[in-house]
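Written out below as structure tokens is the structure these notes cover.
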Amino acid sequence: MKRRTARLIRVFRSPLDRTRGRLLGPGIDLVCALGRSGPGRPKREGDGRTPVGRFRVLAALYRPDRMRRPATPLPLGIIRPDLGWSDDPKDRLYNRPIALPSHSGHERMWRDDALYDLVLDLSYNRGPIVRGRGSAIFLHSAGPGFSPTEGCVAVERSRIRRLVERIGPDTIIEVVASIRPGPSGSAVRRPQPWTGTPSRSARPSIAAGRDPRRGSGRSRRR
């Protein structure tokens, strides 16, 4: 049976730890890591905050040297050694994929760890792009012990492949500041389509496992 995509997936913070949360949707219940400053608004570059809002996923990107091609309805891109992401508000290509090397501040997408083996671009500040409002906000694999991110949402690596099967171009990822489901009410902005080219019914559930102890690893600043 073909697995249907979820229309809405919500991310709620933990009542005990603002850097932890749960990602909930139809047949989906996952522990997740959030930014070191927790969810909120306004978002600024480098503040470690996970932006609150409703986002459509632009695309998935993956490392073909570490995993086989994921099954997903999303546009799919490949992470190569020369792929970067501009996080410099002074850069005209701010919050866009760029080709490396680059003299501007950037994040390298080809990482030594496994955090970016499979990444979903959450379209935050991607259309229109406002400089300084934050960059490279992704859904990706969590670090050891679900350590805080620098603004992204991160889930267990062993579950992200199944999760991406349930996410399509019309799926809305809603990050809320509350600790329990409530009304949303915010509008969804359609960003520009992903080009993939750097510039320069019963449904199986995805259940959360036991929440492991907190670790010390963390992603970069956002």
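The values are calculated or read from the model by the stated rules, or taken from the named source; none is laboratory data. Just so it is clear, the model here is predicted, and its values are computed rather than measured. A quick note on method: Cβ atoms are made from the backbone with ideal geometry, for glycine too, and the neighbour counts reach across all protein chains shown.
Assorted remarks:
- Note on the range 80-97: residues that are assigned to a loop (DSSP other than H, G, I, E, B) and within 15 Å of the chain's Cα centre (by Cα) amount to 2.
- Cβ pairs under 7 Å, 6+ apart, first in the range 47-67 and within 25 Å of I78 (Cα to Cα), second among the aromatic types (F, W, Y) and at pLDDT below 95: L58/W194; A59/W194
- Residue count for the range 116-135, restricted to those that are at negative phi, crowded, with 22+ Cβ neighbours inside 10 Å and either in a loop (DSSP other than H, G, I, E, B) or at pLDDT below 95 (or both): 4
- When residues of the range 98-147 are limited to those that are within 22 Å of T171 (Cβ to Cβ) and among the aromatic types (F, W, Y), the one nearest to the chain's Cα centre (by Cα): F138
- Of residues in the range 45-63 being part of a loop (DSSP other than H, G, I, E, B) and out of contact with any Ser or Thr (no Cβ under 7 Å at 6 or more places or on another chain), the one surrounded by the most Cβ atoms within 10 Å (Cβ to Cβ): V52
- Flag for T72 being within 22 Å of G168 (Cα to Cα), touching a helix residue (DSSP H, G or I) at 6+ places or on another chain (Cβ under 8 Å) and of a type in the set (S, T, Y): yes
- Only listed residue being outside any loop (DSSP other than H, G, I, E, B) and basic (K, R), chosen from R10, R66: R10
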